[in-house]
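The values are calculated or read from the model by the stated rules, or taken from the named source; none is laboratory data. Bear in mind the structure is a predicted one, so any value in this text is a computation, not a measurement. Don't worry about glycine lacking a Cβ; one is built from the backbone with ideal geometry, like all the others, and counts go over all protein chains shown. Please note that ligands, DNA and RNA were not included when accessible areas were found on the heavy atoms of the full protein model with its side chains. Shrake-Rupley method; radii C 1.70, N 1.55, O 1.52, S 1.80 Å.
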Number of protein chains: 2
Amino acid sequence: MCRPRMNRCVLAAVVCAAWCCVGGAQGQTDPLPSWNDGPAKQAVVEFVRTTTDASSPQFVPPEKRIATFDQDGTLWVEKPVVPQLKYCFDRVPAVAKKKPELKNAEPFKTVLSGDRAAIARLTMPDLEKIAVATLSGITTDEYQAEVEQWLATARHPRWKKPYNELTYQPMQEVLRYLRANGYKTYIVSGGGQDFMRVYAEQTYGIPPEQIVGTIGGTKYGYGKDGRPVLTKAPKLLLNDVEAGKPEGIQLMIGRRPCAAFGNSTGDRQMLEYTKAGAGPRLAVLVLHDDATREYAYGPAQGLPDTKEGTFTQALYDQAKRSGWTVISMKNDWKRIFAFEQ
Amino acid sequence: MCRPRMNRCVLAAVVCAAWCCVGGAQGQTDPLPSWNDGPAKQAVVEFVRTTTDASSPQFVPPEKRIATFDQDGTLWVEKPVVPQLKYCFDRVPAVAKKKPELKNAEPFKTVLSGDRAAIARLTMPDLEKIAVATLSGITTDEYQAEVEQWLATARHPRWKKPYNELTYQPMQEVLRYLRANGYKTYIVSGGGQDFMRVYAEQTYGIPPEQIVGTIGGTKYGYGKDGRPVLTKAPKLLLNDVEAGKPEGIQLMIGRRPCAAFGNSTGDRQMLEYTKAGAGPRLAVLVLHDDATREYAYGPAQGLPDTKEGTFTQALYDQAKRSGWTVISMKNDWKRIFAFEQ
């Protein structure tokens with residue numbers, strides 16, 4: 001049976017052997033080199049070890065290894081403005097050009113004025129109007145091209161870099177470490193699902209089908225040339241924050257995660273839901289306490305910060321009470337970004 | 001580098017070599033043994049060859065290899081009643097026991113009467129009422145347990161077998177053949193997403209996260225013991241038939257399939273959308289023309305069958321016009337079920 005293919009077999013065997021040696025050597029190196037030793041790093045490493053060691057009583061079979069990650073503030077920088085929102089603001093002039101009646105209508109007038117203080121005061125219903133105007137009425141292909149174009153040109157005001165270069169290197173290492181150990185990694189974030197899909201594969205190694213975000217409906221139809229198109233509709237299917245996160249996980253994954261990572265009250269329910277499963281579960285919060293290298297906000301500031309959508313003192317207390325791991329960016333991360341040497 | 005692990009390396013090399021030989025030998029055997037030679041089988045084999053051969057100009061990179069399958073009538077028997085609907089009917093007595101006011105209310109009264117002719121006349125709004133009553137108001141865990149219980153006991157009236165033993169063996173071979181060639185296989189079907197998730201991994205090798213179905217919302221909350229639960233809500237997020245299929249594909253996958261399989265007008269848009277993509281695309285319809293071994297319905301009968309949800313003459317004509325492949329169950333399939341020898 002083997003004889004006619006011996007050459008191929010020998011070659012394959014040599015390649016496999018070489019690969020195994022590299023794999024073996026890698027197994028002895030630090031999978032999280034951008035992390036300082038401490039309880040946070042230890043919790044992640046211990047979780048992976050205990051759930052993937054076949055002799056462990058807490059072994060999790062590969063098909064059940066699911067890990068979910070919030071994006072804004074957990075995988076990349078969310079200050080001063082969440083990038084998805086910045087995209088919507090940046091799109092307003094083009095939308096107003098197509099629909100001139102918006103130019104003198106609020107909240108578009110405020111966005112077009114460029115008055116930062118006034119923009120910062122926009123309410124949630126205002127932001128929803130902006131989202132509907134900038135995220136619907138175009139085909140999925142057109143939207144993808146627009147986001148690509150925006151990402152290629154938009155720059156963060158502090159680092160003057162594209163937003164997708166401002167991902168946290170220690171979290172990139174966690175993503176790769178989990179995947180190398182058979183975990184399927186998902187983003188579960190308040191950002192738009194189709195927005196994140198444009199860059200997530202290249203930026204995080206996470207494919208479109210593993211992106212759970214705030215989901216708008218689409219409408220199937222036919223373009224001018226008769227070819228089928230999907231047009232983004234002004235219809236909200238899932239608001240992927242707070243309770244929407246476990247609901248989105250059920251919708252898109254249908255299994256409870258083994259590990260979940262977040263950084264704000266928007267992630268509270270995802271972490272509760274994850275941690276409530278049987279067996280070993282990892283729930284992690286990123287605390288932004290490094291004003292020098294990134295930003296400091298939430299309980300690290302000792303402020304009476306009770307606003308939902310941020311890392312409140314109540315969330316910090318719940319984390320401590322519930323056995324969640326809190327990452328101190330200042331103490332647990334050796335470096336924040338890949339471009340820091 | 002290699003020395004301390006030499007024994008492991010040698011062992012791995014031998015295992016790999018053995019595996020490659022088996023792989024090589026398998027490559028020469030027929031991947032679709034339950035199929036007769038003919039244009040349908042040839043179309044499937046040729047599609048896989050041309051999209052996975054790295055030297056082919058039509059090569060598709062592994063991450064883009066997506067294949068979608070309707071379930072009812074494409075992967076398993078849908079006559080005399082679609083199994084999901086049968087589940088709902090079978091659940092009515094238990095629901096009416098909990099809510100006695102339903103016993104004398106239509107359409108529940110008709111279902112409880114057992115009068116098959118009257119049940120067959122129930123309208124779509126009637127069926128929706130039954131779906132809402134039987135598929136919501138319970139937690140996702142309770143629902144899973146109920147479907148498992150139903151599947152273990154319900155039997156098809158003709159073959160007296162569990163419904164998930166009535167899958168088409170030739171299609172099971174296509175699923176495995178595609179996966180062996182790097183394709184990710186999805187179900188995209190009108191059945192309930194959470195219903196199919198209960199058995200699809202065991203029945204088809206398709207995990208919960210690759211099930212696109214008709215999707216109902218869930219509501220996150222806390223049970224009596226304070227633990228987080230997701231309760232199935234009477235809220236329709238996606239009606240996964242007709243235009244809902246490409247819309248559901250965008251929602252759950254975010255990429256256009258390379259291959260799609262269906263059997264009725266409910267699959268028309270999925271096949272159009274798939275076929276409209278650039279490069280090689282495979283669109284396939286199963287024609288039920290075998291009254292002896294299974295059922296015959298649709299244009300095979302020469303009937304003026306224009307009812308949506310079935311394989312109409314218009315769909316057959318569109319398939320011929322658009323280069324879709326039509327499988328004749330009678331002529332293309334050597335056997336229908338795994339239990340036939």
Selection count where residues are open to solvent by less than 50 Å² (accessible area, probe 1.4 Å) and assigned to a helix (DSSP H, G or I), scope region A:92-115:
8
If you scan region B:130-140, which residues turn out to be in a loop (DSSP other than H, G, I, E, B) and open to solvent by 30 Å² or more (accessible area, probe 1.4 Å)?
B:Gly137
Can you name the condition, by its number, that B:Met270 falls short on among (1) open to solvent by 10 Å² or more (accessible area, probe 1.4 Å); (2) touching a Lys or Arg at 6+ places or on another chain (Cβ under 6 Å)?
(1)
Yes or no: B:Tyr204 at pLDDT 95 or above, open to solvent by less than 10 Å² (accessible area, probe 1.4 Å) and either more than 22 Å from B:Leu271 (Cβ to Cβ) or of a type outside the set (S, T, N, Q) (or both)?
yes
Filtering region A:233-288 for residues that are farther than 30 Å from A:Glu142 by Cβ, within 9 Å of another protein chain (Cβ to nearest Cβ) and hydrophobic (A, V, I, L, M, F, W, C) leaves a count of 2
Give the residues of region A:141-158 that are touching a residue at least 40 places away in the same chain (Cβ under 8 Å), more than 16 Å from A:Val82 (Cβ to Cβ) and surrounded by fewer than 20 Cβ atoms within 10 Å (Cβ to Cβ), sorted by residue number.
A:Asp141, A:Gln144, A:Glu146, A:Glu148
Would a scan of region B:30-52 turn up a residue that is surrounded by fewer than 18 Cβ atoms within 10 Å (Cβ to Cβ) and in contact with a Pro (Cβ under 6 Å, 6 or more places away or on another chain)?
yes
Check whether at least one residue in region A:217-232 is assigned to a helix (DSSP H, G or I), surrounded by 22 or more Cβ atoms within 10 Å (Cβ to Cβ) and within 14 Å of chain B (Cβ to nearest Cβ), and report yes or no.
no
Among all residue pairs at least 6 apart or on different chains, which show Cβ distances below 6 Å where the first residue, located in region B:53-66, is on the phi > 0 side of the Ramachandran plot and of a type in the set (Val, Ile, Thr) and the second is in a loop (DSSP other than H, G, I, E, B) and open to solvent by 80 Å² or more (accessible area, probe 1.4 Å)?
none
Can you name the residue in region B:201-214 that is in contact with a helix residue (DSSP H, G or I) (Cβ under 7 Å, 6 or more places away or on another chain) and farther than 15 Å from A:Pro62 by Cβ and is also nearest to the other protein chains (Cβ to nearest Cβ) among such residues?
B:Ile211
Would you check if A:Thr310 is over 30 Å from B:Ile249 (Cα atoms) and either part of a loop (DSSP other than H, G, I, E, B) or open to solvent by less than 30 Å² (accessible area, probe 1.4 Å) (or both)?
yes
For B:Leu127, are the conditions met, namely being part of a loop (DSSP other than H, G, I, E, B), at pLDDT below 95 and under 14 Å from B:Phe89 (Cα atoms)?
no
Filter region B:239-265 for residues that are under 20 Å from A:Val188 (Cβ atoms) and without any contact (Cβ under 8 Å) to a residue 40 or more places away in the chain; the one that is surrounded by the fewest Cβ atoms within 10 Å (Cβ to Cβ) is B:Gly254
What are the residues in region B:233-271 that are farther than 15 Å from B:Val326 by Cβ and assigned to a helix (DSSP H, G or I), if any?
B:Gly244, B:Lys245, B:Pro246, B:Glu247, B:Gly248, B:Ile249, B:Gln250, B:Leu251, B:Met252, B:Gly266, B:Gln269, B:Met270
How many of the residues in region A:164-200 are among the aliphatic types (A, V, I, L, M) and without any contact (Cβ under 8 Å) to a residue 40 or more places away in the chain?
1
Which of (1) surrounded by fewer than 19 Cβ atoms within 10 Å (Cβ to Cβ); (2) under 21 Å from A:Asn331 (Cα atoms); (3) in contact (Cβ under 8 Å) with a residue 40 or more places away in the chain is the odd one out, the single condition A:Thr74 does not satisfy?
(1)
Take the residues of region B:62-97 that are in contact with a Gly (Cβ under 8 Å, 6 or more places away or on another chain) and of a type in the set (Val, Ile, Thr): which is modelled with the lowest pLDDT?
B:Val82
